[in-house]
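> Pasting a structure here, questions to come.
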Amino acid sequence: MRPSPPPTDDLGAGPVYLDAGQPALEIPTDGDRPVTIRVRPPTGTFGPPPDPDAGRLENVLGVPRPWVGDVRSDPRTGVALSRAQRRQEPRSLPPIQELPIQVRGLTVTTPEGRPILENLSVDIAPGEILAVAGPADAAADAFVRALTARATFSGRISYGALHLTPDTAPLVRSAIGITPRENLLTGPMPLRRALAHTAALRQPDASRAQRRAAVGEVAHGLGLRQHLATPLGDLDRAASRRAAIAMDVLSRASVLALHDPTAGLDPDSEAEILRMLQALAQAGRRTIVMTTHSAMAMSVADNVLLLDVTPSGAARLGYHGPPAKAATHFGAATEWDFAQVYAELADPQADWSSGPAPELAAFDPDAGPRLTPSRRSWPSLVPAVRRLAARRLEEYWWRGEGVLALFAPGAVLVVIALAVLGWGNLDPAPPTAEGTSPRLLLGFAALAAVLPALVTAAREIVPERRAMVAALAVGMSPTAYVLGRYAAVLTAGVLPALLPVVLFVGQGGVHGILDPAWLLLLGAASAAAVGLLISAAGRREARVLWVLGGALVAQVLLCSAFVAIDDSALQPAAALTPGYWVFRGLAASQDLIGLDAGCRADARFCSGHWSVTAGLGQPVLGLVLIGVVAVAGAVTLVRGAGREN
């Protein structure tokens, strides 16, 4: 459907035109009159009319502005506020730090050495909206990834007086918010709780009341109040984009990097997102860098960065300046004719990168602001693990099936064991010599503790790999992430791990159930660590399921309950499985060597480790070592995933 002809005051043909000096998009309808969507330019007037009361601070979104800008002066009039007036301002979160960005000679290549982006130099001021566009999508993404410390590059990128290097990358990431192209907000958790967890995680120094107030103010300002009770997975596309940006606002990000923020949105939702970004840039002095192909998005940016495709396939700077002059720079007959602009940029024979270079400021290490972690945007390790675990446990609650997945396998195994084996299996003097199966009973108990934890932990990381990588890109600790997931699985799995203790009740045992209980808990913890390692190693769920299937078979066959393992060629492989050590510890705790009829008949089917005199030291040490090594391996894999992406 082609748009209707623009009005007479348009400066050129096309869907985007200037209406009374404001960019607008006209959409035809079935009625007599089309619908016009207007977007205010960055030089326009925002928010309500100036209030003579300078002490009543409001941002351009119409809500108290405790989370943006300078609180010492009125953002609309610039009038300095008295101390009494500043006290009236509800400051829930500290202001962000304004950061100018300098890019000099930026070059990004593929791992094979092929250049994607060559010799790009540009300045980005605080509060500026920069739209990165052009037919070279890979180059635009490479520019944003390098800018946000997610890609290896040559050249120089400076945030204030700080150069971006591998050593300073963690500090830079803590000041950046990234909104990817795909929607990463999924699951049944309500938006209100997700925002609350984000505020608790990214504002460790704020009080609970401050975080609660900040969540309410951000939700109000970004138009999310009506969605606060909506599950994340049920948010529409526009609300999901606003929710992702709201989480960056709660983290006090000085720089927002957005990949196609208006892709797939209707014109009205697109205009709403763009007005919101303008408000965040102007009132909060945030630097916003976005890749886009939308003419409307480019029209509201302060500057547009257009990348020219060279004959070698790499991209260079084709244009950097106001969007209103971009089309005429490329010889278009009308302004806002970005179709012709793209055609010129995509032509390898048309060299637009050889034009006059933009004016660039000299780097002064003493003049620019210094990016310092004056207030931590991420908590230290222990508080981070606690908050990440609390969020994951709440996700279990909202999902429901997470806890069910922990209980169901163990409950099924316990019921089958009782139905098949009956009672009295641990009685040292059974009424009859036949009919008792202590070895099988302990095998069912070991598997009922190990298998649920292994299966649940194996689904912890791989389904949310993209969200994990996005969180690592803005400074989250890989160690905190893995330990948070591990703590959540352990906390939720305490009762399921103790469920097999039921198998020791009424069996006639004389050694008690205390040692089996904590052995089962330790075995579940070790199995959960192995599950996390499997989940961290996989890139796709299908591949993780293959590995998980092999791990489950190994637990069953190598636990010694069903196949003789000790003193065989399989014992070294069995020693790598938690099920083997759990069964061995249970056998020693119940003196299985004196209970099992097979042991009394033929010593080849027994092991000296099953005697009560063998003790529990080796099983405990084996389970601890497996758990520690598996968790360390998961942390290493997660850190590697963050570096690869």
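> Check PRO478, PRO463 and return the single one that is open to solvent by 50 Å² or more (accessible area, probe 1.4 Å) and under 19 Å from the mean Cα position of the chain (by Cα).
Among PRO478, PRO463, only PRO463 is open to solvent by 50 Å² or more (accessible area, probe 1.4 Å) and under 19 Å from the mean Cα position of the chain (by Cα).
Quick grid of which residues meet (1) outside any helix (DSSP H, G or I); (2) farther than 23 Å from ALA453 by Cβ; (3) of a type in the set (Asp, Glu):
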{"site": "VAL553", "(1), (2), (3)": "no, no, no"}
{"site": "PHE562", "(1), (2), (3)": "yes, no, no"}
{"site": "LEU576", "(1), (2), (3)": "yes, no, no"}
{"site": "GLY579", "(1), (2), (3)": "no, no, no"}
{"site": "ALA587", "(1), (2), (3)": "no, no, no"}
{"site": "ILE593", "(1), (2), (3)": "no, yes, no"}
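> What's the total number of residues in region 326-343 that are farther than 13 Å from ALA295 by Cα and at pLDDT 75 or above?
First pass over region 326-343, keeping only residues farther than 13 Å from ALA295 by Cα: 328-334, 343.
Narrowing the set further to residues that are at pLDDT 75 or above leaves 328-330, 343.
Qualifying residue count for the region: 4.
> Within region 389-399, is there a residue that is at pLDDT 70 or above and of a type in the set (Ser, Thr, Tyr)? Quick ask: steps written out before the conclusion?
Pass one, region 389-399, residues at pLDDT 70 or above: 389-399.
Add one more test, that the residue is of a type in the set (Ser, Thr, Tyr), and what stays is 396.
Yes, region 389-399 contains a residue that is at pLDDT 70 or above and of a type in the set (Ser, Thr, Tyr).
> If you don't mind, there's one more thing I want to ask. If we scan region 486-497, do we find a residue that is within 30 Å of ILE461 (Cβ to Cβ), touching a Lys or Arg at 6+ places or on another chain (Cβ under 7 Å), open to solvent by 20 Å² or more (accessible area, probe 1.4 Å) and of a type outside the set (Val, Ile, Thr)?
There is no residue in region 486-497 that is within 30 Å of ILE461 (Cβ to Cβ), touching a Lys or Arg at 6+ places or on another chain (Cβ under 7 Å), open to solvent by 20 Å² or more (accessible area, probe 1.4 Å) and of a type outside the set (Val, Ile, Thr).
> Considering only residues that are of a type outside the set (A, V, I, L, M) and within 29 Å of the chain's Cα centre (by Cα), look in region 400-416 and name the one that is modelled with the highest pLDDT. Before the answer, list the steps.
Here is the first cut: in region 400-416, the ones of a type outside the set (A, V, I, L, M) are 400-402, 407, 409-410.
Imposing the further condition that a residue be within 29 Å of the chain's Cα centre (by Cα) reduces the set to 400-402, 407.
Details: GLY400: 71, GLU401: 65, GLY402: 63, PHE407: 83.
Only one residue fits best here, namely PHE407.
> Here is a list: SER254, SER294. Which entry is more than 25 Å from the chain's Cα centre (by Cα) and surrounded by 22 or more Cβ atoms within 10 Å (Cβ to Cβ)?
Values: SER254 fails: more than 25 Å from the chain's Cα centre (by Cα).
That would be SER294, the only listed residue that is more than 25 Å from the chain's Cα centre (by Cα) and surrounded by 22 or more Cβ atoms within 10 Å (Cβ to Cβ).
> Can you spot a residue in region 417-426 that is polar (S, T, N, Q), touching a helix residue (DSSP H, G or I) at 6+ places or on another chain (Cβ under 9 Å), open to solvent by less than 60 Å² (accessible area, probe 1.4 Å) and at pLDDT 70 or above?
Start the filter on region 417-426 by keeping residues that are polar (S, T, N, Q), which leaves 425.
Imposing the further condition that a residue be touching a helix residue (DSSP H, G or I) at 6+ places or on another chain (Cβ under 9 Å) reduces the set to 425.
Those still in the list that are open to solvent by less than 60 Å² (accessible area, probe 1.4 Å) too: 425.
With the extra rule that they be at pLDDT 70 or above, the set shrinks to 425.
The answer is yes; a qualifying residue exists.
> Taking the options THR310, THR292, name whichever one is on the phi < 0 side of the Ramachandran plot and modelled with pLDDT under 85. I'd like the intermediate steps shown before the answer.
Numbers: THR292 fails: modelled with pLDDT under 85.
Residue meeting the stated conditions: THR310.
> Which of (1) touching a residue at least 12 places away in the same chain (Cβ under 8 Å); (2) part of a helix (DSSP H, G or I); (3) within 30 Å of LEU545 (Cβ to Cβ) is the odd one out, the single condition PRO383 does not satisfy?
The number of the failed condition is (3).
> Next question. Mind checking which residues of region 309-322 are open to solvent by 10 Å² or more (accessible area, probe 1.4 Å) and either of a type outside the set (D, E, K, R) or in a loop (DSSP other than H, G, I, E, B) (or both)? Even if it seems obvious, please write down each step before you answer.
Narrowing region 309-322 to residues open to solvent by 10 Å² or more (accessible area, probe 1.4 Å): 309-313, 316-317, 319-320, 322.
If the condition is that a residue be open to solvent by 10 Å² or more (accessible area, probe 1.4 Å) and either of a type outside the set (D, E, K, R) or in a loop (DSSP other than H, G, I, E, B) (or both), then VAL309, THR310, PRO311, SER312, GLY313, LEU317, TYR319, HIS320, PRO322 are the ones that fit.
> Within 30 Å of LEU483 (Cα to Cα) and free of Cβ contacts under 8 Å to residues at least 12 places away in the same chain: which single residue out of PRO572, PRO516, PRO578 fits that description?
Numbers: PRO516 fails: free of Cβ contacts under 8 Å to residues at least 12 places away in the same chain; PRO578 fails: free of Cβ contacts under 8 Å to residues at least 12 places away in the same chain.
After applying the criteria, what remains is PRO572.
> Any chance you could count how many residues in region 273-309 are basic (Lys, Arg) and in contact with a strand residue (DSSP E or B) (Cβ under 7 Å, 6 or more places away or on another chain)?
Residues of region 273-309 basic (Lys, Arg): 275, 285-286.
Subset that is in contact with a strand residue (DSSP E or B) (Cβ under 7 Å, 6 or more places away or on another chain): 286.
Counting residues in region 273-309 that are basic (Lys, Arg) and in contact with a strand residue (DSSP E or B) (Cβ under 7 Å, 6 or more places away or on another chain) gives 1.
> Name every residue in region 108-127 that is in a strand (DSSP E or B), open to solvent by 10 Å² or more (accessible area, probe 1.4 Å) and closer than 21 Å to VAL255 by Cα, in order of residue number. Outline the logic, then answer.
The initial filter retains those residues of region 108-127 that are in a strand (DSSP E or B), namely 108-109, 115-124.
If we keep only those that are open to solvent by 10 Å² or more (accessible area, probe 1.4 Å) as well, we get 109, 115-116, 118-119, 121, 123.
Within region 108-127, SER121, ASP123 qualify.
> Within region 200-212, track down each residue that is of a type in the set (A, V, I, L, M, F, W, C) and in contact (Cβ under 8 Å) with a residue 60 or more places away in the chain. If you could, list the steps in order and put the result at the bottom.
To start, the set of residues in region 200-212 that are of a type in the set (A, V, I, L, M, F, W, C) comprises 200-201, 206, 209.
Listed by number, the residues that qualify are ALA200, LEU201, ALA206.
> Among (1) at pLDDT below 85; (2) within 19 Å of ALA470 (Cα to Cα), which single condition is ARG145 missing?
Answer for ARG145: the failing condition is (1).
> Could you list, ordered by first residue, the pairs with Cβ atoms under 9 Å in which the first is in region 451-464 and farther than 12 Å from ALA497 by Cβ and part of a loop (DSSP other than H, G, I, E, B) and the second is among the aromatic types (Phe, Trp, Tyr) and modelled with pLDDT of 90 or more, at least 6 apart or interchain?
GLU460/TYR486; ILE461/TYR481
> Looking at region 525-555, which of its residues are open to solvent by less than 50 Å² (accessible area, probe 1.4 Å) and of a type in the set (Val, Ile, Thr)?
VAL530, ILE534, VAL544 - these are the residues of region 525-555 that are open to solvent by less than 50 Å² (accessible area, probe 1.4 Å) and of a type in the set (Val, Ile, Thr).
> Something else: Hey, any hits in region 191-203 for a residue that's open to solvent by 10 Å² or more (accessible area, probe 1.4 Å), closer than 26 Å to ALA271 by Cα and among the β-branched types (Val, Ile, Thr)?
Scanning region 191-203 turns up no residue that is open to solvent by 10 Å² or more (accessible area, probe 1.4 Å), closer than 26 Å to ALA271 by Cα and among the β-branched types (Val, Ile, Thr).
> Please determine whether any residue of region 569-592 is surrounded by fewer than 14 Cβ atoms within 10 Å (Cβ to Cβ) and either hydrophobic (A, V, I, L, M, F, W, C) or closer than 20 Å to GLY622 by Cβ (or both).
yes
> Still on this structure, please answer the following. Out of all the residues in region 160-177, which are under 16 Å from SER477 (Cα atoms) and either open to solvent by less than 50 Å² (accessible area, probe 1.4 Å) or part of a loop (DSSP other than H, G, I, E, B) (or both)?
Residues of region 160-177 under 16 Å from SER477 (Cα atoms): 166-177.
PRO166, ASP167, THR168, ALA169, LEU171, VAL172, SER174, ALA175, ILE176, GLY177, listed by residue number.
> Given the conditions (1) over 12 Å from PRO190 (Cα atoms); (2) surrounded by fewer than 18 Cβ atoms within 10 Å (Cβ to Cβ); (3) small (Gly, Ala, Ser), which single one is not true for GLY233?
(1)
> One residue is enough: does region 466-483 have a residue meeting the conditions without any contact (Cβ under 8 Å) to a residue 40 or more places away in the chain, within 30 Å of ARG539 (Cβ to Cβ) and part of a helix (DSSP H, G or I)? Can you show your working first?
In the first step, residues of region 466-483 are kept if they are without any contact (Cβ under 8 Å) to a residue 40 or more places away in the chain; the result is 471.
Still in the running and within 30 Å of ARG539 (Cβ to Cβ): 471.
With the extra rule that they be part of a helix (DSSP H, G or I), the set shrinks to 471.
There is at least one residue in region 466-483 that is without any contact (Cβ under 8 Å) to a residue 40 or more places away in the chain, within 30 Å of ARG539 (Cβ to Cβ) and part of a helix (DSSP H, G or I).
> So which residues in region 617-628 are surrounded by fewer than 19 Cβ atoms within 10 Å (Cβ to Cβ) and touching a residue at least 24 places away in the same chain (Cβ under 8 Å), if there are any at all?
Pass one, region 617-628, residues surrounded by fewer than 19 Cβ atoms within 10 Å (Cβ to Cβ): 617-618, 620-621, 624-625, 628.
Once the filter is applied, which keeps residues that are surrounded by fewer than 19 Cβ atoms within 10 Å (Cβ to Cβ) and touching a residue at least 24 places away in the same chain (Cβ under 8 Å), region 617-628 yields GLN618, VAL620, VAL624, VAL628.
> Which condition does ARG192 not pass, out of (1) under 20 Å from the mean Cα position of the chain (by Cα); (2) modelled with pLDDT under 90; (3) farther than 19 Å from ARG466 by Cα, if it passes all the others?
All conditions are met except number (2).
> Could you go through region 128-145 and let me know if any residue there is assigned to a strand (DSSP E or B), of a type outside the set (A, V, I, L, M, F, W, C) and without any contact (Cβ under 8 Å) to a residue 40 or more places away in the chain.
Taking region 128-145 and keeping what is assigned to a strand (DSSP E or B), we get 129-133.
Now restrict to residues that are of a type outside the set (A, V, I, L, M, F, W, C): none.
For region 128-145, residues assigned to a strand (DSSP E or B), of a type outside the set (A, V, I, L, M, F, W, C) and without any contact (Cβ under 8 Å) to a residue 40 or more places away in the chain: absent.
> Are any residues in region 203-241 under 28 Å from SER380 (Cβ atoms) and basic (Lys, Arg), and if so, which ones?
Listed by number, the residues that qualify are ARG208, ARG211, ARG212.
The values are calculated or read from the model by the stated rules, or taken from the named source; none is laboratory data. Given the structure is predicted, the values throughout are model-derived calculations rather than measurements. Cβ coordinates were reconstructed from backbone atoms using ideal geometry, including for glycine residues, and neighbour counts include every protein chain displayed. Each accessible area value is taken on the protein alone, full model and side chains, heavy atoms only, with ligands, DNA and RNA left out. Shrake-Rupley method; radii C 1.70, N 1.55, O 1.52, S 1.80 Å.
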